[in-house]
1. Evaluate peptide A:29-40: per residue, the Cβ atoms of other protein chains within 10 Å of its Cβ; return the mean as an integer.
2. Under 15 Å from the Cβ of A:ASN67, count the other residues' Cβ atoms, weight Lys and Arg +1, Asp and Glu -1, and hand me the total.
3. Starting from the Kirkwood radius over alpha-carbon pairs of chain A, derive D by Stokes-Einstein at 4 °C in a medium of 1.567 mPa s and give it in µm² s⁻¹.
4. Using packing as a proxy for protection, rank B:49-59, B:88-98 so that the peptide with the highest average count of other Cβ atoms within 10 Å comes first.
5. On the first, second and third principal axes, largest extent first, how far apart are the outermost C-alpha atoms of the protein assembly as shown in Å?
6. Can you divide the C-alpha Rg of chain B by 2.2 N^0.38 Å and report the result to two decimal places?
7. Whole angstrom only: what separates the Cα centroid of the stretch A:25-93 from the Cα centroid of the stretch B:82-113?
8. Among A:ARG51, B:ARG44, B:ARG36, rank each residue by its count of other Cβ atoms within 10 Å, from fewest to most, as a rough exposure measure.
Amino acid sequence: QQQVKQSPQSLIVQKGGISIINCAYENTAFDYFPWYQQFPGKGPALLIAIRPDVSEKKEGRFTISFNKSAKQFSLHIMDSQPGDSATYFCAASIGGATNKLIFGTGTLLAVQP
Amino acid sequence: DVKVTQSSRYLVKRTGEKVFLECVQDMDHENMFWYRQDPGLGLRLIYFSYDVKMKEKGDIPEGYSVSREKKERFSLILESASTNQTSMYLCASSLGQNFYEQYFGPGTRLTVT
């Protein structure tokens, strides 16, 4: 119930292409859906986040698409660059008394020049 | 910028040793978290704290304890280290009710032999 399922585990994209990472959840109590980006040797950093009452959010080349009825959300990276090569984690936040973040298993993205 | 620092980047300990991992944040954040990161499993929450001297169990607290005597410092303790605790340990902090925007330290790679 509290899991967030993420796919694919790894992804190779050519420079300039679109990278797409998908996540699915079951618990309708989740109230915020952030994406984190982690470079080698660094801790994860918040990239972009969306509330469930919004279907899409765009920040630069990064877009979150949210499908509440299907309980799915995805990260799209447009015009992917080698500098985007990193591990990406989707997550879901539960507020209230529980107050924690549930992370997906991560996607290792490699953008080839 | 928020800065979260962890006492060691790499640590090698023997089975049965008591291990202390220290985390300090400099932005007066109320919430602090300890995660472990393992390939294919993502980030799993060990313990978190929303106030000084307060602690809450996360998803995998067995074999760990924590201490938060000051607002800026959150320690993770392995009472008797075991080989299955070999992992990357990440500390994070967040402000008030904002549990989805967490700031991570660089991590401590712990090897238990």
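Bear in mind that the values in this text are calculations on the coordinates, not laboratory data. Being a predicted model, the structure only gives us computed values, none of them experimental. When we count neighbours, we look across all protein chains shown, and the Cβ atoms used for this are built from the backbone with ideal geometry, even at glycine.
1. That works out to 2 on average.
2. +2
3. 92
4. Those peptides, ordered most packed to least, come out B:88-98, B:49-59.
5. Rounded to whole Å, the extents work out to 48, 39, 34 Å.
6. 0.99
7. Taking the Cα centre of the stretch B:82-113 as reference, the centre of the stretch A:25-93 is 20 Å away.
8. A:ARG51, B:ARG44, B:ARG36
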